[in-house]
Every structure is written in C-alpha cells, then in structure tokens.
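The next block holds one structure in the form of structure tokens; read it before the comments.
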Amino acid sequence: DKKIVLLQGAGINVNRGAEEAVQAMQYLDDAVLLIIGSGDVIDLLKQLVHDLHLSSKVLFIPKVPFQELRLYTQYADLGLTLDKSTNLNYKFSLPNKLFDYIHSEVPVLSSDLPEIKKIIYTYNIGECIDGHDPQAIAKKISKMLHEETIYQVWKKNTKIAAENLNWEKEEQQLIAVYMQFR
C-alpha cells in the first residue's frame, strides 16, 4: 500500500545524497525508501534510520547480482540519484543507476547535475532538485508520486529514452570515433 522509492548502487557513499534521502523519509507517510547496494555510508545510514525511528520506512538490501537488482528496480515507483557536486567526477557523472531506472521504466528524481539533468529534461522522465534539504526532497518525492498525469508521462517517456540510450546505439558512435583515427 506504499510507493517504493529506490536508491541503488555499488557506490552508496558520502556526498551521494543518501543521508538526505533517509532524512526525507521522516516527512513521508505513504512511501518506503529501498536502499540496495553497498558503499562507505551504509553503516551510517543504518544508524540514522535507527536514530530517527525510520525502520518501517527505510529498508536495506545488500549488493545483489545485476539480474536480481533489475527485478527489484522494475517494481520501484521512483528512482533516486542525488549525488552532490563535490568533485568533477560526481558533477559530470552519468551513474549506471540512471540507466537502470530508465530501462526499468522508473521515473527519476535527481540532483541538479549537468549531464543527468540533460537526460532527465531531454526525455522528460522526471525532475531535479535544487539542493539537498531533506524536507525539500520529501516534498518533491511526494509531488512526483502523486501527480498521476505527469507521472504517467514520465513513465511512458522512459521507454523512449531506453530506445535511444542503450549500448547498441552508443556502440555505433564509438566505432565512428575510432574510424576517424584509422
């Protein structure tokens, strides 16, 4: 009876927005946050869940093989990628989870990082946050999960994005670049 908000990855680390995602759950009653994966902040997140009495709202699953992760991802209602712009790697990254969400037809809530933002707004598959205030994140999650008309548009558009953002298409571009240097 609750919406599933998913944060997944092998690099759930400091400055990736996980702490704020957990804190945001204090302000949401009709959703659960499912954290799947590993990283250096997992123990801190578990302590935060305990301290904030959020054990019924935040669930943890350790890192799983990709095929199993895909099964979990396809049942999510919203995917999170909340990296902070603390270094060039994070600022210009395109995390695998973004493409996992897209290929599982899951709308995305992201931090306002240039490359991720470009994909989200080019394909109209979700929204971006301006900052990492937990209450603002909760408000945005709630809005995204409850505006059914736009939610269905985002979900439909993930299919279009998946048709364009895949290895088969990228492979051709990579080959074309290599051919220029023959």
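The values are calculated or read from the model by the stated rules, or taken from the named source; none is laboratory data. What you are looking at is a predicted structure, and each value in this text was computed from that prediction instead of being measured. Here the Cβ positions follow ideal geometry from the backbone for every residue, glycine too, while neighbour counts run over all protein chains shown. Calculation scope for accessible area: heavy atoms of the full protein, side chains included, ligands and nucleic acids excluded. Shrake-Rupley method; radii C 1.70, N 1.55, O 1.52, S 1.80 Å.
When 44, 54 are checked against the criterion of being outside any loop (DSSP other than H, G, I, E, B) and of a type in the set (A, V, I, L, M, F, W, C), 44 stands alone in meeting it.
Every test in (1) more than 26 Å from residue 30 (Cα to Cα); (2) assigned to a helix (DSSP H, G or I) is passed by residue 156 save one, and that test is (1).
Working only within the stretch 69-101, note down all residues that are assigned to a loop (DSSP other than H, G, I, E, B), surrounded by 15 or more Cβ atoms within 10 Å (Cβ to Cβ) and either out of contact with any helix residue (DSSP H, G or I) (no Cβ under 8 Å at 6 or more places or on another chain) or among the acidic types (Asp, Glu) (or both). Within the stretch 69-101, 77, 83 meet the criteria.
Do we have residue 81 as in contact with a strand residue (DSSP E or B) (Cβ under 9 Å, 6 or more places away or on another chain) and under 21 Å from residue 7 (Cα atoms) here? Break it down stepwise before answering.
Details: in contact with a strand residue (DSSP E or B) (Cβ under 9 Å, 6 or more places away or on another chain): yes; under 21 Å from residue 7 (Cα atoms): yes.
Yes, satisfied.
Among all positions in the stretch 16-23, there is no residue which is of a type in the set (Lys, Arg) and modelled with pLDDT of 95 or more.
Here the stretch 123-179 is the region considered, the condition is being modelled with pLDDT under 95 and aliphatic (A, V, I, L, M), and the residue that is nearest to the chain's Cα centre (by Cα) is 165.
Only one entry of 49, 14, 22, 64 meets the criterion of being part of a helix (DSSP H, G or I) and more than 15 Å from residue 137 (Cβ to Cβ), and that entry is 49. Does at least one position in the stretch 110-127 carry a residue that is in contact with a Lys or Arg (Cβ under 8 Å, 6 or more places away or on another chain), at positive phi and not hydroxyl-bearing (Ser, Thr, Tyr)? No, that holds for no residue.
Here residue 39 clears all of (1) at pLDDT 95 or above; (2) at negative phi; (3) surrounded by 15 or more Cβ atoms within 10 Å (Cβ to Cβ) except the condition numbered (2). Restricting the first member to the stretch 50-64 and to residues that are free of Cβ contacts under 8 Å to residues at least 60 places away in the same chain, and the second to residues that are part of a loop (DSSP other than H, G, I, E, B) and not charged (D, E, K, R), the beta-carbon pairs closer than 8 Å and six or more apart or on different chains are 57/28; 62/38; 63/10; 63/38. The one condition from (1) surrounded by fewer than 20 Cβ atoms within 10 Å (Cβ to Cβ); (2) modelled with pLDDT of 95 or more that residue 7 does not meet is (1).
Name the residue that is surrounded by the most Cβ atoms within 10 Å (Cβ to Cβ), counting only residues in the stretch 124-144 that are free of Cβ contacts under 8 Å to residues at least 40 places away in the same chain and basic (Lys, Arg). Among those residues, the one meeting the criterion is 140. In the stretch 102-123 there is at least one residue that is under 19 Å from residue 31 (Cβ atoms) and open to solvent by 20 Å² or more (accessible area, probe 1.4 Å).
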